[in-house]
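Encoded as structure tokens, the structure appears first; notes follow it.
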Amino acid sequence: MEAREQEFLEYVQSGGQVETDDWMPDEYRARLRKFIEMHGNSELMGVLPEREWILRAPTLQRKLALTAKVQDEVGHAQLIYRVVEDLGKPREQCLDDLISGKSKFHNVFHYPTKTWGDVGVIAWLVDAAAIISQKALLKCSYAPYARIMKKICWEESFHILHGRDVVLTLMNGTDEQRELVQEAVTRWWGPLMQFHGNPIPPEDDPMFVWRIKSQGNDAARQQFLDGRRVVRARAVRAPGRVDGALGRAARGGARDPRLRRRAEAELPPRRRLPPEGKTEGGT
């Protein structure tokens, strides 16, 4: 490593940031551009599984919320591609490479969204995993990327609340609605465990060494597992020691009547819940 490159490495490792017009090593620029391009691709491709549910969402409120989420994700991709352009790759070339398969996007967005339960779990858990990675970019050594992550992280945090509301509503509904959540969590758990990448030591990860990201893969995965929402998710079906509304619903205990009414409104008309205290036969 040349002296100037070594000096640059020490600078970014000590917390320094660089701007677009600053000198940077060729390896740093190439890795940075590839990393940010994949992030932009992932934001864009992450829209596709969810957009299919806009017209199939159970209520107007859900359609509007999901539309807003999809718009946010497309906006994130536009912001990120602008950063890639400043690093020397035109947006049109990014899109051409994405369509042709030359460039990649995150593996988690290769999986289909089969049910409305998936929509809730994606926003609640997949976005929760994503924001852990994204918050590690707030201290990125490339300042323009770090700056746009402030807006992206704020909006992703709101997406998690949207997902939580969808999941809680389903868990306060019928057995069939609760099973949608259980089945979605079961299917998405494997991809979630792979979300933060291979268990590579931080000192061997060039993205960490150049301080493009400030957290290693295993540390990010453990932070996700330590989150309370994941503890609740793991116990969707089991009656273990789970706190909160989701845990009570999972155990079949007393559920929030407001959420139960909302769950009823989100059922197809032929499957409305009977009034409280009534059976299907009206007794």
> What's the extension gain from Ser100 to Leu64 if we count 0.36 nm per residue and subtract their Cα-Cα distance?
Replying inline: 9.8 nm
> In nm, what is the difference between 0.36 nm times the number of residues separating Val74 and Glu19 and their Cα-Cα distance?
Replying inline: 17.3 nm
> In terms of Cα to Cα distance under 17 Å, which lysines are near enough to Lys89, apart from those fewer than 8 places away along the same chain?
Replying inline: Lys34, Lys102, Lys104
> Given R₀ = 51 Å, FRET efficiency for Thr174-Ala3 by Cβ-Cβ distance, to 0.05?
Replying inline: 0.15
>> Can you order the peptides 59-71, 77-89 by their average number of other Cβ atoms within 10 Å per residue, highest first?
In response: 77-89, 59-71
> What is the packing order of peptides 188-195, 137-144, taking the mean over residues of other C-beta atoms within 10 Å and listing the highest first?
Replying inline: 137-144, 188-195
>> Which of rounded, prolate or oblate describes the range 123-201 when judged by the alpha-carbon gyration tensor and an a/c cut-off of 1.5?
In response: oblate
> Taking +1 at the Cβ of each Lys and Arg and -1 at the Cβ of each Asp and Glu, which of Gln13, Asn217, Trp188 sits farthest along the dipole of the range 3-268 towards its positive end, judged by Cα position relative to the Cα centre?
Replying inline: Trp188
> Roughly what % of Cα-Cα distances in the range 3-268 sit above 34 Å, to the whole percent?
Replying inline: 24 percent
>> List residues of the range 13-44, by number, whose backbone nitrogen lies under 14 Å from a label position 7 Å along Cα→C-beta of Asn107.
In response: none
> So, by mean Cβ neighbours within 10 angstrom, what's the order for 13-20, 103-110 with the highest one leading?
Replying inline: 103-110, 13-20
>> Students often forget the sequence filter, so: which aspartates and glutamates lie under 17 Å Cα-Cα from Lys69 once same-chain residues fewer than 8 apart are removed?
In response: Glu43, Glu50, Glu52, Asp118, Asp127, Glu155, Glu156, Asp165
>> Amide H of Ser103 versus every other amide H placed in the peptide plane: which residues, excluding those fewer than 5 positions away on the same chain, fall under 5 Å?
In response: Leu98
> Residues with amide H under 5 Å of Tyr142's amide H, sequence separation 5 or more or different chain, H placed in the peptide plane at 1.01 Å from N; which?
Replying inline: Val18
> What net charge is computed for the residues neighbouring Arg211, neighbours being all others with C-beta under 13 Å from the C-beta of Arg211, Lys and Arg scored +1, Asp and Glu -1?
Replying inline: 0
>> Quick query: amide H of Lys213 versus all other amide H atoms, modeled in the peptide plane; which residues come in under 5 Å with a sequence gap of 5 or more or a different chain?
In response: Phe208
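Since every read-out is calculated from the coordinates, none of them should be taken as a lab result. Small disclaimer: the values here were computed from a predicted structure and weren't measured. Every residue, glycine among them, receives a Cβ derived from its backbone with ideal geometry; neighbour counts consider all protein chains shown.
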